[in-house]
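The numbers here are math on the coordinates, done by the rules we state, and not lab data. Values in this document were obtained by computation on a predicted structure and should not be read as measured data. Here Cβ is always computed from backbone atoms with ideal geometry, including for glycine, and neighbour counts include all displayed protein chains.
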Ligand SMILES: [Zn+2]
Ligand SMILES: [Zn+2]
């Protein structure tokens, strides 16, 4: 429908009205979740709360998927068709909140400092508003409330293993993340690699310890570790194409315990962040080669342990264009920005390995908020006006997606 009414299409106004009608309830849900945060893989009460609210608005949630994950399926009133999935993450972080909000965390040392309470509220609001659209939809909508985004192995991978993308078979999946640097009423989209693969490594240097007065009789693990750290800097600066973003950080060195003892072992811990699988493999291979080479030069050996993190998050072009257009429908083209790539990581990447889809940014800062405290900080204070914005976007997206042949 493209009839104009006061500058908005009738459809746009309807999505906005529907979103506004559930905003108060969704915001109350958000405040409850914010007051009672739970860490990754411990989201029992969060999950029970979400399931209870979904039952109140007429859904039969499937619980216990990949841990505390929840799934609901909405069957369109006009019969079967394509299936779109929308996902919210539900876990919180070990941070002591310092916002002073009336609904601030009541749990010592725990806080929804990544905005997952808002993501959950947006999806709950969408669930409620979709009941109004249900009679005119063809196809299925799957809503996924996912635990464990903040910690390995990633709740997304566990829910996928438990079959969340089947029954019905999901054709495409979409998600969003609040962004405190973007103002409420704006969203950001971009296709291709948008978030990094974060891998951790432990590199142990094995030398030969001895008396601090007789270094010639030892293989000094501290000295070799220093050489390795320096040499590792060449991996990014001399091995990788400068158009491929890479971070290689050594964040800790542990060795020795006294002034006059040369230690025989040193342990380096670090993180590698890459934006493509070939570069990821190249960097990890080079860490081993550089460490081995430096160690051989000094008579030491190295063992490398790598814990691979989430995959690179790659948004598919077609679904990103669809998402962007759906957002422009409700927000206006002028409020859509490009989603800048980030070396942060997000387990939504697992879904995008299985299905096409797109992960976008939801502006969440009040226009007058000068501080704009960042994600994962104790003063993060998101503007709840972003909740109906997210709902209106999802309604627009669902309608557009299910209409496509
Ligand atoms: Zn986070
Ligand atoms: Zn997050």
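Laid out as a table, the results:
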item: Sorted by Cβ neighbour density within 10 Å, fewest at the top, the residues 151, 237, 47; result: 237, 151, 47
item: Residue exposure sequence - 220, 400, 89, 383 - by fewest surrounding Cβ within 10 Å; result: 400, 383, 220, 89
item: Normalised per residue, the volume of the convex hull around the Cα set of the chain (Å³); result: 156 Å³
item: Cα-based shape type of the range 165-225, given that a ≥ b ≥ c are square roots of the gyration tensor eigenvalues and the cut on a/c is 1.5; result: prolate
item: Gap separating the Cα centres of the range 129-206 and the range 332-394, nearest whole Å; result: 12 Å
item: Tensor-based shape of the range 304-405 (alpha-carbon gyration tensor, a/c under 1.5 rounded, otherwise prolate or oblate); result: oblate
item: Viscosity 1.306 mPa s, temperature 10 °C, Stokes-Einstein D of the range 197-307 from Kirkwood C-alpha radius, µm²/s; result: 111 µm²/s
item: Share antiparallel - DSSP beta bridges, the chain, percent rounded to 5; result: 65 percent
item: Helix-only CD estimate at 222 nm, as mean residue ellipticity for the chain, using -39500 (n - 2.57) per DSSP H run (n ≥ 4); result: -11500 deg cm²/dmol
item: Residue order, fewest to most surrounding Cβ atoms within 10 angstrom, among 319, 371; result: 371, 319
item: With Cα atoms, 0 to 90° folded angle of helix 277-298 axis to the chain main axis; result: 10 degrees
item: Centre separation in Å (Cα based) which lies between the range 9-47 and the range 82-96; result: 12 Å
item: The range 131-282 - Rg and Dmax from Cα coordinates, angstrom; result: 24.1, 84
